[in-house]
Every structure is written in C-alpha cells, then in structure tokens.
1. Which number in (1) in contact with a strand residue (DSSP E or B) (Cβ under 9 Å, 6 or more places away or on another chain); (2) modelled with pLDDT under 85 marks the one condition that residue 85 misses?
2. Give me a count of the residues in the range 50-81 that are surrounded by 15 or more Cβ atoms within 10 Å (Cβ to Cβ) and either under 23 Å from the mean Cα position of the chain (by Cα) or modelled with pLDDT under 90 (or both).
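The values are calculated or read from the model by the stated rules, or taken from the named source; none is laboratory data. Values in this document were obtained by computation on a predicted structure and should not be read as measured data. Using ideal geometry, Cβ is built from the backbone for each residue, glycine included, and neighbour counts are taken over all protein chains shown.
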C-alpha cells in the first residue's frame with residue numbers, strides 16, 4: 001500500500017509540473033506578442049471650419065514608415081488606432 005501512495009504522489013507531482021511548464025510556455029508567447037496601442041480621435045474640418053465627411057486620414061510613423069489610415073464619418077469624426085512609443089505624423 002505504501003508503494004502505491006508514493007507512486008500516486010510522484011504522478012501527481014509530474015502532472016502538476018507538466019501543467020505549470022505548459023502554462024509558462026503559453027504565457028511567454030502571449031507576453032511576447034503584446035502590442036501597446038492607443039487611439040487618437042477628432043473631427044476633420046477645412047480651414048473655414050466646415051466638416052469634411054468621408055475623407056481619408058493618414059498617419060505615418062517617422063521611424064518605421066508604418067501607415068495607419070481611417071475614413072471620417074458623415075459628420076467628419078474619425079478614430080485612428082496606432083502603436084505607442086513611436087512618433088507619428090499626420091499626412
């Protein structure tokens with residue numbers, strides 16, 4: 001009986017360690033894939049203050065050349081999502 005108890009305990013430890021190792025591998029991949037983003041929103045108007053509906057808004061990252069675009073709504077509103085920590089230029 002004592003041998004069976006030790007065997008059961010060894011299997012339990014091995015199972016727990018396997019689960020922990022698997023979770024650590026999954027968590028490591030998830031953490032590496034994180035991308036911190038922010039949103040910039042506003043209302044697009046012309047020099048006279050008139051709303052500019054359904055126009056394309058383009059932001060370009062200075063360092064990487066990555067481009068983010070969006071289209072304004074019928075009321076000129078827009079939201080652009082972009083990575084944080086990079087200088088962006090409104091084109």
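1. (1)
2. Qualifying residue count, the range 50-81: 9.
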